[in-house]
């Protein structure tokens with residue numbers, strides 16, 4: 001069976017944008033934790049703030065009630081930037097961890113420690129790169145190709161198993177598992193478009 005039976009129309013910008021949002025909603029919840037990695041936006045802004053001695057650069061990541069705490073910790077940290085490198089390194093890490101923890105708590109999410117650079121899922125890295133380079137077209141093209149491939153694989157698996165589903169109980173169960181996976185994926189797409197579900201609905 002040729003994959004062209006289920007090709008998505010890449011010329012429709014609206015549908016491509018929908019696919020981007022779909023991908024973000026379908027990712028496991030911990031995928032949204034890229035703010036706790038060293039290549040995430042919170043840490044990037046924190047390092048820039050320390051470099052420029054400007055705590056205001058990170059305050060957007062925390063609630064107003066935590067501003068005083070973050071400013072005070074920033075002041076204690078920056079004091080050692082040109083004094084003792086070893087102490088500064090320890091204080092800097094503590095500042096980053098505190099900032100990310102407070103930010104995550106503000107989102108209602110647990111803090112499980114800073115993750116190393118490169119640990120963020122590729123799709124999230126692509127979304128950040130698109131913002132950095134102001135290139136949504138590149139992101140849509142790559143993401144659309146990925147979604148097209150995944151949905152095509154699911155469709156073709158069901159179509160193939162449909163031909164043998166009544167040959168045996170096991171083949172029937174294989175068909176049902178593939179059918180449920182395929183239809184639930186499509187159902188998720190529909191529910192998202194209808195605003196009926198998703199990990200961040202309460203936001």
Next on the checklist: If I go through the stretch 66-87 residue by residue, how many of them are without any contact (Cβ under 8 Å) to a residue 12 or more places away in the chain, part of a helix (DSSP H, G or I) and either touching a helix residue (DSSP H, G or I) at 6+ places or on another chain (Cβ under 7 Å) or not assigned by TED's automatic domain parsing to the domain that holds residue 55 (or both)?
Outcome noted: 1
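Identify the residue in the stretch 150-167 that is without any contact (Cβ under 8 Å) to a residue 60 or more places away in the chain and assigned to a helix (DSSP H, G or I) and, among all such residues, is nearest to residue 181 (Cα to Cα).
Only one residue tops the list, namely 154.
Residue-by-condition table, conditions (1) surrounded by 15 or more Cβ atoms within 10 Å (Cβ to Cβ); (2) within 23 Å of residue 141 (Cβ to Cβ); (3) out of contact with any strand residue (DSSP E or B) (no Cβ under 9 Å at 6 or more places or on another chain); (4) modelled with pLDDT of 75 or more:
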| site | (1), (2), (3), (4) |
| --- | --- |
| 11 | no, yes, yes, no |
| 24 | yes, yes, yes, no |
| 37 | yes, no, no, yes |
| 59 | yes, no, yes, yes |
| 69 | no, no, yes, yes |
| 79 | no, no, yes, yes |
| 87 | no, no, yes, yes |
| 93 | no, no, yes, yes |
Checklist entry - Can you find a residue in the stretch 89-110 that is touching a helix residue (DSSP H, G or I) at 6+ places or on another chain (Cβ under 6 Å), under 24 Å from residue 126 (Cβ atoms) and not in a helix (DSSP H, G or I)? => result no
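The values are calculated or read from the model by the stated rules, or taken from the named source; none is laboratory data. Quick caveat, the model's predicted, so the values are computed rather than measured. Cβ: placed from backbone, ideal geometry, glycine included. Neighbour counts: every protein chain shown.
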